[in-house]
Amino acid sequence: MPGGQTNCAVAAIDAEAIITPNPQNPEAAVTPITLIGPVRLQILARERAYMRVVVDGEIEFDGRVLAGSVYAFAAQELIEIVTGSGSALQLTYNEQDIGVLGTYGEAVNFVITIDGVQTPTPTITFTPTETPTVEVTPTPNP
């Protein structure tokens, strides 16, 4: 809630937790959101894109973000972000700007834990392929 504190372990996003800057007066001060928890995250939507945020295993946001809006979350363990366009989201983790998640149109899965920022690496699933057997045909020696 703007200007207030969130006393629960997870700051659920609601209409009051979204701060929209005033385009007529960009210099106007925006009241920051006070988040409580060891993992604090603010997401600035730079453009309209799909975003899903999972906070400590619970889906807190799943939908399209509005350009110019700030979405705030707090967790005890981890926050996972999935987006369809990495350039659309700029992150601030524990009051430190970590920049945008990727490039335009890049699907990104990003995890922030109590230990820091992690980017999940897709694992390669090995499928066994049978190796064809080669039969050697004997040839006479000259």
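The values are calculated or read from the model by the stated rules, or taken from the named source; none is laboratory data. Keep in mind that this is a model prediction, so the values were computed, not measured. We place every Cβ from the backbone using ideal geometry, glycine too, and count neighbours over all the protein chains shown.
Counting the residues of the range 77-113 that are in contact with an Asp or Glu (Cβ under 6 Å, 6 or more places away or on another chain) and over 16 Å from Val65 (Cα atoms) gives 2. With respect to the conditions (1) modelled with pLDDT under 90; (2) touching a helix residue (DSSP H, G or I) at 6+ places or on another chain (Cβ under 8 Å); (3) of a type in the set (D, E, K, R), Arg46 falls short on a single one, namely (1). Residue by residue through the range 52-91, note down the ones that are surrounded by fewer than 17 Cβ atoms within 10 Å (Cβ to Cβ), polar (S, T, N, Q) and more than 18 Å from Val117 (Cα to Cα). Within the range 52-91, Ser69 is the sole residue that qualifies. If the condition is being free of Cβ contacts under 8 Å to residues at least 12 places away in the same chain and polar (S, T, N, Q), then the range 92-102 contributes only Gln96.
Taken together, the criteria exclude Val117 from residues that are modelled with pLDDT under 90, aliphatic (A, V, I, L, M) and over 27 Å from Leu35 (Cβ atoms). Taking residues in the range 103-118 that are farther than 15 Å from Tyr50 by Cβ, and partners anywhere that are surrounded by 14 or more Cβ atoms within 10 Å (Cβ to Cβ) and of a type in the set (D, E, K, R), the pairs with Cβ atoms closer than 8 Å and at least 6 places apart or on different chains are Val111/Glu80; Ile112/Glu80; Thr113/Glu77; Ile114/Glu77.
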